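A quick write-up on the structure given underneath.
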């Protein structure tokens, strides 16, 4: 699916097209066209690029801020190396909904597929609860 509206889910600092330095605050609304994310009409990066995955999420449904907060919280929670680390991963590996957002090109370890970053908020809430950060309530 091609989205037309994006939002910065965290401050975006990177080199965009042509080496142009980008510094976009959290919550900034952006548009997309022809496969690129645009800021004030200027293309920054491709919608499927690493920079898009790291800094932006789709906002076509108006839920971009919550989606971004959920993605950030899930990523931070599953990275924790505490006593519940393995339990969180066991839950992820055993959950059919979460498995839809795993890149199946890696059989032995979990890599989030690009669709995870633009997933429906209800699915992200489920995953947040699954990894132990729930029930989810957006604080954005």
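FYI, it's all coordinate maths here, none of it is from the lab. Computed from a predicted model, the values in this text were never measured in an experiment. Counting neighbours? That spans all protein chains shown, and the Cβs are built from the backbone with ideal geometry, glycine included.
Going through (1) touching a strand residue (DSSP E or B) at 6+ places or on another chain (Cβ under 7 Å); (2) surrounded by 18 or more Cβ atoms within 10 Å (Cβ to Cβ) one by one, residue 43 falls short only on (2).
Residue-by-condition table, conditions (1) loosely packed, with under 12 Cβ neighbours inside 10 Å; (2) within 19 Å of residue 12 (Cα to Cα); (3) free of Cβ contacts under 8 Å to residues at least 40 places away in the same chain; (4) touching a helix residue (DSSP H, G or I) at 6+ places or on another chain (Cβ under 9 Å):
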{"site": "59", "(1), (2), (3), (4)": "no, yes, no, yes"}
{"site": "65", "(1), (2), (3), (4)": "no, yes, no, no"}
{"site": "71", "(1), (2), (3), (4)": "no, yes, no, yes"}
{"site": "77", "(1), (2), (3), (4)": "no, no, no, yes"}
{"site": "97", "(1), (2), (3), (4)": "no, no, yes, yes"}
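Summed over segment 38-65, residues that are within 25 Å of residue 125 (Cβ to Cβ) and in a strand (DSSP E or B) total 3. Residues in segment 18-37 that are in a loop (DSSP other than H, G, I, E, B) and in contact with a strand residue (DSSP E or B) (Cβ under 7 Å, 6 or more places away or on another chain): 25, 26, 27, 28, 35.
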